[in-house]
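> Have a look at the structure that comes next, please.
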Amino acid sequence: MKIVLQRVSSASVKADGKICGSIGIGYLVLIGVGNDDTEEDCRRLADKIINLRIFSDENDKINLSLGDVGGELLIVSQFTLYADCRKGNRPNFIQAGKPDKAERLYNYFADYCRSKGKHVETGIFGADMKVELVNDGPFTVVLE
């Protein structure tokens, strides 16, 4: 599983020209599911994200978690995180999980975050989406 996590002041995702997910302060989570990923991987990475301390405290030190700031999650599936560009000029996606498995784990990941008391918005799996965000910092983290 590969995740690109962006700390945001706000973010939204549109499909078919309509907003399907929108948050204020929190994280935009771009998530790619690989062939070998499991529910355990989802739980481990979700727990890491929920507890990650990358928001600034009153002394402007990066010390606060999502819960500390009342942050939200916008989770968007992105199989292109598994693009392999080592050969040629056209990426292959052989390591990306098959759509049925990827969608199941994507939904599991979002539901697990909800079960931890987090407000979660999502994109639409497999849709052509447009993502808008105000990257706070900017602060971007890659997790695997």
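> Shape verdict for segment 80-144, please, from the Cα gyration tensor: rounded (a/c under 1.5), prolate (a/b greater than b/c) or oblate.
Details: a/c = 2.01, a/b = 1.34, b/c = 1.50.
Note, shape of segment 80-144 comes out oblate.
> With charges only on Cβ, +1 for K and R and -1 for D and E, what is the dipole size of the chain about its Cα centre, in debye, rounded to 20?
The dipole magnitude comes to about 340 debye.
> With each run of n ≥ 4 DSSP H residues scored as -39500 (n - 2.57), what mean residue ellipticity at 222 nm is computed for the chain after dividing by its residue count and rounding to the nearest 500 deg cm²/dmol?
Calculated at 222 nm, the ellipticity per residue is -7000 deg cm²/dmol.
> How much of the DSSP beta bridge set in the chain is antiparallel, as a percent to the nearest 5?
75
> At 1.4 Å probe size, with the rest of the protein present, what percent of the exposed accessible area of segment 92-144 is carbon and sulfur atoms?
51
> A further question on this structure: Of the heavy-atom accessible surface of segment 39-91 (probe 1.4 angstrom), what whole percent is carbon and sulfur? Intermediate results must be reported in sequence, preceding the final value.
Details: 1420 of 3310 Å².
Taking all protein chains in place, segment 39-91 shows 43 percent carbon and sulfur surface.
> Kindly express, to the nearest 10 degrees and within the range 0 to 90, the angle between helix 99-115's C-alpha long axis and the longest C-alpha principal axis of the chain.
10
> While we're here: Quick one: 3J(HN,Hα) in Hz for segment 20-25, Karplus 6.51/-1.76/1.60 with θ = phi - 60°, rounded, Gly and Pro as x.
Each residue of segment 20-25 in turn: 10, x, 8, 9, x, 4 Hz.
> With every protein chain present, what is the per residue accessible area of segment 26-144 (1.4 Å probe, Å²)? Provide the component values of the computation, followed by the final result.
Numbers: 6960 Å² over 119 residues.
Result: 58 Å² of accessible area for each residue.
> What's the whole-number percent of alpha carbon pairs in the chain lying beyond 26 angstrom? Please list the in-between numbers first.
Working: 2344 of 10296 pairs.
Result: 23 percent of Cα pairs exceed 26 Å.
> What is the chain's relative contact order, in percent, from Cα pairs under 8 angstrom and six or more apart in sequence?
39
> Turning to a different aspect of this structure: Compute the separation of the alpha-carbon centres of segment 4-22 and segment 60-110 and state it in Å as a whole number.
14
The values are calculated or read from the model by the stated rules, or taken from the named source; none is laboratory data. Because the structure is predicted, anything quoted here is derived from the model rather than measured. Reconstructed Cβ throughout: ideal geometry from the backbone, glycine too, with neighbour counts over all protein chains shown. Keep in mind that these areas ignore ligands, DNA and RNA; they rest on the heavy atoms of the full protein, side chains included. Shrake-Rupley method; radii C 1.70, N 1.55, O 1.52, S 1.80 Å.
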